[in-house]
Amino acid sequence: MAYSLLVSLTLDEVAADAAHCTQCGLARGRTQVVFGMGDPDAHLMFVGEGPGAEEDRQGLPFVGRSGKLLDRLMAQEIGLTRDQCYIANVVKCRPPDNRDPTPDEVAACRPWLERQLALIAPRVIVTLGNFSSKLLLDTKTGITKLRGQSYPMAGTDAVIIPTYHPAAVLRGGALQEAQMRSDLVRARMAIAR
Ligand code: URA
């Protein structure tokens, strides 16, 4: 067995590996891999869908309009900044024209997310929108039905708290924002448990 398989990598080392990933066709269109950002020892991790144009440009997740909303709601309802949690996406490279990632792309990228989850070992995972919620809860049920409760994450002590994607809240208005706020309060209480 190669030596590298015997030692456990740090999150920075995994990110350095991911920066050269060519496991799917998204590699061809990206400016850079958007691996994730935040505290590698965070108790709280957010998982979105995939980088947009601004994220692709800056190499950081949720730095566009949705990210500004996420930062604001996170501060107001949980009392944390993005540096105090960890933020990642299901796919680490921007799908062209902001289309949805395909099942093959999601499957190809999944090992990176699994490694992030294993190394960070958050107590609470807030899944943002349908993609990450369905993937991590292994369900076809949509976010509107899933949200409003927490779910144990199989094989760990962590809980998954699904909520709307902030882009959907930006489009959806006051009710969706209120529901997302209440999901984040649930996350705050779950972190403190
Ligand atoms: N939407 C996402 O799902 N992730 C980002 O990083 C930005 C927008």
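Some points to look at:
- Residue that is polar (S, T, N, Q) and surrounded by 14 or more Cβ atoms within 10 Å (Cβ to Cβ), where the choices are 98, 89: 89
- Residue pairs meeting the criteria (Cβ under 8 Å; at least 6 apart or on separate chains; first part of a strand (DSSP E or B), in the stretch 144-155; second modelled with pLDDT of 95 or more): 151/137; 151/159; 151/160; 151/161; 151/162; 152/158; 152/159; 152/160
- Which listed residue is in a loop (DSSP other than H, G, I, E, B) and of a type in the set (Val, Ile, Thr), from 126, 47, 34: 34
Table: residues versus (1) at pLDDT 95 or above; (2) assigned to a loop (DSSP other than H, G, I, E, B); (3) within 16 Å of the ligand (Cβ to nearest atom); (4) within 25 Å of residue 191 (Cα to Cα).
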| site | (1), (2), (3), (4) |
| --- | --- |
| 1 | no, yes, no, no |
| 13 | yes, no, no, no |
| 17 | yes, no, no, no |
| 22 | yes, yes, no, no |
| 77 | yes, no, no, yes |
| 92 | yes, yes, yes, no |
| 107 | yes, no, no, no |
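- Residues that are at pLDDT below 95 and of a type in the set (Val, Ile, Thr) within the stretch 141-193 comprise just one, 156.
- Residue among 140, 134 that is loosely packed, with under 13 Cβ neighbours inside 10 Å and within 19 Å of residue 49 (Cα to Cα): 140
- Consider the stretch 118-131 and keep the residues that are surrounded by 20 or more Cβ atoms within 10 Å (Cβ to Cβ) and closer than 20 Å to residue 14 by Cβ. The one that is nearest to the ligand (Cβ to nearest atom) is 125.
- Subset of the stretch 177-192 [without any contact (Cβ under 8 Å) to a residue 60 or more places away in the chain and open to solvent by 50 Å² or more (accessible area, probe 1.4 Å)]: 178, 182, 186, 189, 192
- Close pairs from the stretch 88-100: first closer than 23 Å to residue 125 by Cα and aliphatic (A, V, I, L, M), partner assigned to a strand (DSSP E or B) and open to solvent by 10 Å² or more (accessible area, probe 1.4 Å), Cβ under 9 Å, at least 6 apart: 88/37; 88/38
- Qualifying residue in the stretch 67-75 (condition: within 11 Å of the ligand (Cβ to nearest atom), aliphatic (A, V, I, L, M) and surrounded by fewer than 21 Cβ atoms within 10 Å (Cβ to Cβ)): yes
- Residue within the stretch 42-54 that is more than 10 Å from the ligand (Cβ to nearest atom) and within 19 Å of residue 165 (Cα to Cα) present: yes
The values are calculated or read from the model by the stated rules, or taken from the named source; none is laboratory data. Computed from a predicted structure; not experimentally measured. Every residue, glycine as well, gets a Cβ built from its backbone with ideal geometry; the counts of neighbours run over all protein chains shown. When the accessible area is computed, the model is the full protein with side chains, heavy atoms only, and any ligands, DNA or RNA have been set aside. Shrake-Rupley method; radii C 1.70, N 1.55, O 1.52, S 1.80 Å.
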